[in-house]
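In what follows, a single structure is set out as structure tokens and then discussed.
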Amino acid sequence: RESCNPSVARAGCVYKFDVSVPIEEYMDVAHEVNNKLKAELNSRSEDDEITPVVCVWGHLADGNAHINIVPKLGTFDKDKSLAKLIESIVYAAVLSRKGSISAEHGLGQSKNSYLSKIKTESTLDMMYQVKKIFDPRGIMNPGKYLPRC
């Protein structure tokens, strides 16, 4: 487990996701992400066929999956538009299986645009109310986790 991150990092730029999925769907998510990403990358490329690397490790017992993707071996520069594409593929695969895009490492500010896809409106309203109780002036991390506050 400890050698997973350094091994993947040597292969190229790694796009990392911390998600959870039902245990029986664990590897299906990885295969779906790999197949969809490979098709998308190759439809956009005039080069030789691109074969992304999708590695998954985590906590099999609770469905927590660390999905690490190297879209193109030997390429180490991060690409923001590619990151968005990969994110949409990963999150769609996870959400279609009733998984969660916020697992061990939480939702954080990078995923707050997905709040309406993973929480009901009434749950979000309750979250905003709790935030206002503890932070009535909105001075604690304004707009970070709950962008509407």
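The values are calculated or read from the model by the stated rules, or taken from the named source; none is laboratory data. None of the values given here were measured: they were computed from a predicted structure. Backbone-built Cβ (ideal geometry, glycine too); neighbour counts: all protein chains shown. Note: accessible area is taken over every heavy atom of the protein model, side chains too, but ligands, DNA and RNA are not part of it. Shrake-Rupley method; radii C 1.70, N 1.55, O 1.52, S 1.80 Å.
Given (1) surrounded by 18 or more Cβ atoms within 10 Å (Cβ to Cβ); (2) at pLDDT below 90; (3) closer than 14 Å to Val19 by Cα, identify the lone condition not met by Leu146.
All conditions pass for Leu146, except number (3).
Okay, residues lined up against (1) of a type in the set (A, V, I, L, M, F, W, C); (2) surrounded by fewer than 16 Cβ atoms within 10 Å (Cβ to Cβ):
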{"residue": "Glu32", "(1), (2)": "no, no"}
{"residue": "Asn35", "(1), (2)": "no, yes"}
{"residue": "Asn42", "(1), (2)": "no, yes"}
{"residue": "Asp47", "(1), (2)": "no, yes"}
{"residue": "Cys55", "(1), (2)": "yes, no"}
{"residue": "Ala65", "(1), (2)": "yes, no"}
{"residue": "Val70", "(1), (2)": "yes, no"}
{"residue": "Phe76", "(1), (2)": "yes, yes"}
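Examine the range 25-32 for a residue that is part of a loop (DSSP other than H, G, I, E, B), more than 16 Å from Ser81 (Cα to Cα) and over 15 Å from the mean Cα position of the chain (by Cα), and state whether such a residue exists.
no
Name every residue in the range 63-110 that is touching a residue at least 60 places away in the same chain (Cβ under 8 Å), assigned to a loop (DSSP other than H, G, I, E, B) and of a type outside the set (Gly, Ala, Ser), in order of residue number.
Hits for the range 63-110 are Lys72, Leu73, Thr75, Phe76, Asp77, Lys78, Asp79, Arg97, Lys98, Ile101, Glu104, His105.
Sort out which residues of the range 114-142 are open to solvent by 90 Å² or more (accessible area, probe 1.4 Å) and of a type outside the set (Asp, Glu), and write them in order of number.
Listed by number, the residues that qualify are Lys117, Met126, Gln129, Lys132, Ile133, Phe134, Pro136, Arg137, Ile139, Met140, Asn141.
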